[in-house]
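Peer 1: A single structure is presented below for examination.
The values are calculated or read from the model by the stated rules, or taken from the named source; none is laboratory data. Keep in mind that this is a model prediction, so the values were computed, not measured. Please note: Cβ atoms are built from the backbone with ideal geometry, for glycine as well, and neighbour counts cover all protein chains shown. Just so you know, the surface numbers come from the protein's heavy atoms only, side chains and all, with ligands and any DNA or RNA stripped out. Shrake-Rupley method; radii C 1.70, N 1.55, O 1.52, S 1.80 Å.
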Amino acid sequence: MQEPENNQQKWLSGFMKETFKEQKRTRRWGIFFKLLTFTYLFVALFLFMNTGVLDKEKKNQQPHTAMVVVNGVIAADEEANANNIASALRAAFKNEQSKAVMLVINSPGGSPVQSGYVNDEIKRLRGIYPDKKLYAVIAELGASGGYYMAVAADQIYADKSSLVGSIGVTASSFGFVDLMEKVGVERRHYTSGEHKAFLDPFSPAKAEEAEFWQGVLDSTHQQFIKVVEEGRGDRLVKDNKDLYSGLIWNGEQALALGLIDGLGSPGYVAREVIKAEEIVDYSFKESKLESFTKSLGLSIGEGLGELLSTSSGSLTLR
């Protein structure tokens, strides 16, 4: 009576082994085809990217308008930082086939330091290449630090509805002293220096420190005003009391105030002003090929890991 039961166990054991073997074979082939697909996509993308690079190189060797785009907040840790923008501008000026450089700005502003670096670099490059003009073109927004960059250009253009200006400086924070008293929190802050913690939001504000900080902002504001007046010169309507108040205007208003020189889009400036309709973008961009290669390497590594795992006979639950 024991023999039929043993036969059933042997049969079941053999069936399970064959089932696992079949699953392993299926998984191996599945992983193989995934890797094959990734490889095919990689090669196709590589060829596509190479074609794009070659096309751009070909355009660079023909007369064109060189474009550098400033998009977003201007800060050292953002894509719109001085190093990225200045590097792109240098490449744009250096190419003998670029008939002029067009700085397309769409930014609410940001760091006065980063904006100042770019303003200085534009002036330096204009001195090195006196026959090559730089035109700033404001898209939706060219405010504060964005306008600080723009005033270094030979001319500034914007759309009639673009927002331009905001020539001012701001610094803001919160004060939590009363809230801390209500919830019963004691502040323990140790410093060396009478005013070391004057910007601490958990400490009471002092009149003399507020006055000092206002002086810092006013001084920075005067630096901004000086840069604007140096860049725009007699084109500004200087008797307008609101010009440096931090207000922002649309393109038509900015034109009347002398903040810009004309109304037009990047395409208009390239076609009608620079007379080089072909636009080549010199802006800093993260390499898509490098990004794809990293992703592909990670995917292939995971696939090989799975393949080795199944080949070694280990069981994975998914």
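Peer 1: So, in segment 227-253, of the ones that are in a helix (DSSP H, G or I) and under 26 Å from the mean Cα position of the chain (by Cα), which residue ends up nearest to Ala153 (Cα to Cα)? Spell out how you get there, then give the answer.
Peer 2: Taking segment 227-253 and keeping what is in a helix (DSSP H, G or I), we get 227-235, 251-253.
With the extra rule that they be under 26 Å from the mean Cα position of the chain (by Cα), the set shrinks to 227-228, 231, 251.
Working: Val227: 12, Val228: 11, Gly231: 7, Gly251: 17 Å.
Selected residue: Gly231.
Peer 1: So Asn106 clears everything in (1) within 21 Å of Gln61 (Cα to Cα); (2) open to solvent by 10 Å² or more (accessible area, probe 1.4 Å); (3) in a strand (DSSP E or B); (4) in contact with a Leu (Cβ under 8 Å, 6 or more places away or on another chain) except one condition, right? Which one?
Peer 2: Only one criterion in (1) within 21 Å of Gln61 (Cα to Cα); (2) open to solvent by 10 Å² or more (accessible area, probe 1.4 Å); (3) in a strand (DSSP E or B); (4) in contact with a Leu (Cβ under 8 Å, 6 or more places away or on another chain) is unmet by Asn106, namely (1).
Peer 1: Please pick out the residue among Val118, Val68, Val101 that is under 17 Å from the mean Cα position of the chain (by Cα) and under 14 Å from Val269 (Cα atoms). Lay out the reasoning, then the answer.
Peer 2: Details: Val118 fails: under 14 Å from Val269 (Cα atoms); Val101 fails: under 17 Å from the mean Cα position of the chain (by Cα).
The conditions single out Val68.
Quick grid of which residues meet (1) modelled with pLDDT under 70; (2) exposed (fewer than 10 other Cβ atoms within 10 Å of the Cβ); (3) over 30 Å from Gly110 (Cβ atoms):
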site	(1), (2), (3)
Asn6	yes, yes, yes
Thr37	yes, no, yes
Val43	yes, no, yes
Pro63	no, no, yes
Val70	no, no, no
Ser87	no, no, no
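Peer 1: One residue is enough: does segment 173-183 have a residue meeting the conditions within 25 Å of Ser245 (Cβ to Cβ) and either more than 22 Å from the chain's Cα centre (by Cα) or open to solvent by less than 70 Å² (accessible area, probe 1.4 Å) (or both)? Give the steps one after another, and end with the answer.
Peer 2: Let us first name the residues in segment 173-183 that are within 25 Å of Ser245 (Cβ to Cβ), namely 173-174.
Adding the requirement that they be either more than 22 Å from the chain's Cα centre (by Cα) or open to solvent by less than 70 Å² (accessible area, probe 1.4 Å) (or both) leaves 173-174.
Looking for residues that are within 25 Å of Ser245 (Cβ to Cβ) and either more than 22 Å from the chain's Cα centre (by Cα) or open to solvent by less than 70 Å² (accessible area, probe 1.4 Å) (or both), one finds at least one in segment 173-183, hence yes.
Peer 1: Let me ask you something else. Looking at (1) without any contact (Cβ under 8 Å) to a residue 40 or more places away in the chain; (2) assigned to a helix (DSSP H, G or I), which one does Phe224 not meet, given that it meets all the others?
Peer 2: (1) is the only condition that Phe224 fails.
Peer 1: May I ask you to say which residue of Ser203, Ser219 is farther than 20 Å from Pro108 by Cα, assigned to a helix (DSSP H, G or I) and polar (S, T, N, Q)?
Peer 2: Every option except Ser219 fails the conditions.
Peer 1: Under 30 Å from the mean Cα position of the chain (by Cα) and surrounded by fewer than 14 Cβ atoms within 10 Å (Cβ to Cβ): which single residue out of Thr191, Thr170 fits that description? Step through it out loud before you land on a result.
Peer 2: Working: Thr191 fails: under 30 Å from the mean Cα position of the chain (by Cα).
Exactly one residue qualifies, and that residue is Thr170.
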